[in-house]
Amino acid sequence: MSKNTPTVVAMHWFRKGLRLHDNPALKSALEQSPQKFFPVYVLDGNAYQLLRCSPLRANFMIECLQDLDSSLKKLGSRLYVLEGDPTIVLPAKFEEWGVTHLSFEEDETGEPYAAKRDEMIVQKAQAMNVNLFTACSETLYPLKDYMKKGTAGGKAIANSMGSFQKLFNSMPAMKKVLPAPTKDDFPDMKEENLYDGEFVPPKRPTDLPWPRGIPKDQVEYVWGANDCRNLTPAVRGGESIARKALKESLKDSNWVATFEKPQTSCTSIKPSTTALSPYLSWGCLSPREVWTALDEAISKATTNGRSKPPVSLHGQMLWRDFNNLMAHDANRESPGCWNKIEGNKYCRNVPWDDDPQLLEAWKKGQTGFPWIDATMRQLRQEGWIHHLGRHAVACFLTRGDLWQSWEEGAKHFEAELLDADYALNGFNWLWLSCSGFFYQYFRCYSPITFQMKNDPNGNYIRKFVPELRNVPSKYIYCPWEAPSGVLEKAGVNLGKEYPKPIVDHLEVSKENMNRMKQAYDAQKKREAERKSTSASKKQRMS
DNA sequence: GGTCCGTTGGGCGC
DNA sequence: GCGCCCAACGGACC
């Protein structure tokens, strides 16, 4: 290196996108041929991913960071884990390490914490003459590209799956999947620059920072040393294990080619779907790589049958992009509205009740409806539930039975699901509560009969609600209908070992349909009034 | 204003 | 396992 060559010190900032494969921002930073390279992750207790975060989720994140660190070490590098507010911690490191180039994957959904954070970092980096390299690799296409194409000529952006599919099919060829960097791509860092023993990734949830400015007794989840001891995560975190899982789940090419989501089971003990969603939401897997892997698997299939979007596996990837696009569009007009009722243009305002006891019973799996409770307990136990199970419990909490706000349900899912995803979670809660995108509120999931035909023996309930494991199949979905002798023999006193149903499903679901109709009518009225006011305003002005 | 559609409802009869 | 009705939503398109 000649004396006059300025030193290139690059930093790649991992946030989501916790992977080395198909990581275009990481690649572009390495392409600057840096003399020093710092892959960093910032643990911020106030980040939305940590603020309300179950022990299983915290543990999953730690596994992702540990894996990233060990993969980087194999390439002669390592992960530098910092702690605090990134907008303060990172500029300090720019200074200390002499950073000249910063790369990161863009967050396009407009999630408020990320949006504010990135705006601030970009400002500070520019002020400090740090060159920025960003890339969109969270979705199959950049959301801004969908927006551009989908609103050309003053069109409204696609807001149904059908119209989104048309938009998707009109997009140009997808970007190629990038290989992971190799040892040669990394600079030789002198030992003193590796900061051995410093900035090490957390090993257990208790190593994670607390939210700042929130008293400990008001933090919803306290990460104790033994919190994960009795829990059994559905999947383990990290890019390495994610790549194995991808290969494994797509090896039966006929299964991949004929996959139809509604035909999969939500009462099977092991996931009947790919269960790759946690890897996509944390970015351990690249969506484009999954898409390509699906193409490859299907090309090897020997059956004639081919499932199609929206129910096929490709279709599941499309749903993901569509949901991200909707979150992006909603937040573009009203920042941070996506997981809220207020100000969300895609959300109808339904006057939900606010009953903490009902909400708590739902969260704990103590509603007295065995299948609902089993599903909610699987969520707590494993951090994952089948999509249709999510439908049923979401319907139950909101328009179906308990009439509680979907915002509360969404918060709980965000905290407990390993695959919690800002865009997808918001979309599905809007959908299930009939607040947006889906409006057929007279189609209501039965908390009793919906799964009877798929799991007549109630094995799923027996696993997750062990109090009921000896109840005969005939009554396993509705123990309150069993003669007392039958329950006694099974060792269950309703109201003691297991609760009586907290509502009368037939009664409240009927009632709630009427409330839904009233809410819709009220919304129509409000809209008509708004229209006539704005029309008369216009008239007055002219 | 009419018609058709919307990833995965429930219940009945056949 | 399929077709049909239940009572009836909004939105796109004509």
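Odds and ends about this structure:
- Check on residue A:172, under 30 Å from residue A:293 (Cα atoms), assigned to a loop (DSSP other than H, G, I, E, B) and of a type outside the set (Gly, Ala, Ser): yes
- Test: residue in region A:375-388 that is surrounded by 22 or more Cβ atoms within 10 Å (Cβ to Cβ), among the β-branched types (Val, Ile, Thr) and in contact with a strand residue (DSSP E or B) (Cβ under 8 Å, 6 or more places away or on another chain): no
- Candidates A:29, A:47, A:58, filtered to the one that is of a type in the set (Gly, Ala, Ser) and farther than 27 Å from residue A:417 by Cα: A:29
- Annotation: of all residues in region A:521-542 being at pLDDT below 90, among the charged types (D, E, K, R) and within 16 Å of DNA strand C (Cβ to nearest atom), the one that is least open to solvent (accessible area, probe 1.4 Å) is A:527.
- Scanning region A:327-338 for residues that are of a type outside the set (A, V, I, L, M, F, W, C) and part of a helix (DSSP H, G or I) yields A:328, A:329, A:331, A:332, A:333.
- Meets criteria (in a helix (DSSP H, G or I), away from DNA strand C (no atom under 16 Å from the Cβ) and within 30 Å of the chain's Cα centre (by Cα)) for residue A:489: no
- Scanning region A:103-129 for residues that are over 26 Å from the mean Cα position of the chain (by Cα) and open to solvent by less than 40 Å² (accessible area, probe 1.4 Å) yields a single hit, A:125.
- For region A:422-457, filtering for residues that are open to solvent by 20 Å² or more (accessible area, probe 1.4 Å), under 20 Å from residue A:159 (Cβ atoms) and away from DNA strand B (no atom under 13 Å from the Cβ) leaves 0.
- Enumeration of residues in region A:248-285 that are assigned to a helix (DSSP H, G or I), more than 16 Å from DNA strand B (Cβ to nearest atom) and in contact (Cβ under 8 Å) with a residue 24 or more places away in the chain: A:249, A:253, A:254, A:278, A:279, A:282
- Selection count, region A:126-156, where residues are part of a loop (DSSP other than H, G, I, E, B), more than 20 Å from residue A:331 (Cα to Cα) and among the polar types (S, T, N, Q): 1
- Condition met for residue A:341 (within 16 Å of DNA strand B (Cβ to nearest atom), touching a residue at least 12 places away in the same chain (Cβ under 8 Å) and assigned to a loop (DSSP other than H, G, I, E, B)): no
- Between A:166, A:93, A:155, the distinction of being of a type in the set (Lys, Arg) and within 16 Å of DNA strand B (Cβ to nearest atom) belongs to A:166 only.
- Selection of region A:220-240 for residues being open to solvent by 30 Å² or more (accessible area, probe 1.4 Å), in a loop (DSSP other than H, G, I, E, B) and either at pLDDT 95 or above or under 14 Å from residue A:380 (Cβ atoms) (or both) yields A:220, A:227, A:228, A:229, A:230, A:231, A:232, A:233, A:234, A:236.
- The residues of region A:363-392 that are within 15 Å of DNA strand B (Cβ to nearest atom), farther than 17 Å from residue A:273 by Cβ and among the hydrophobic types (A, V, I, L, M, F, W, C), listed by number, are A:369, A:371, A:372.
- Yes/no for residue A:518 being free of Cβ contacts under 8 Å to residues at least 12 places away in the same chain, exposed (fewer than 13 other Cβ atoms within 10 Å of the Cβ) and within 16 Å of DNA strand B (Cβ to nearest atom): no
- Residue selected from region A:411-421 under the condition out of contact with any Ser or Thr (no Cβ under 7 Å at 6 or more places or on another chain) and open to solvent by 10 Å² or more (accessible area, probe 1.4 Å), by the criterion farthest from residue A:399 (Cα to Cα): A:414
- Scanning region A:301-336 for residues that are modelled with pLDDT of 95 or more and within 16 Å of DNA strand C (Cβ to nearest atom) yields a count of 5.
The values are calculated or read from the model by the stated rules, or taken from the named source; none is laboratory data. Note that the coordinates shown come from a computational prediction; the quantities given were computed from them, not determined experimentally. Cβ: placed from backbone, ideal geometry, glycine included. Neighbour counts: every protein chain shown. To get the accessible areas, we keep the full protein, side chains included, count just its heavy atoms, and leave off ligands, DNA and RNA. Shrake-Rupley method; radii C 1.70, N 1.55, O 1.52, S 1.80 Å.
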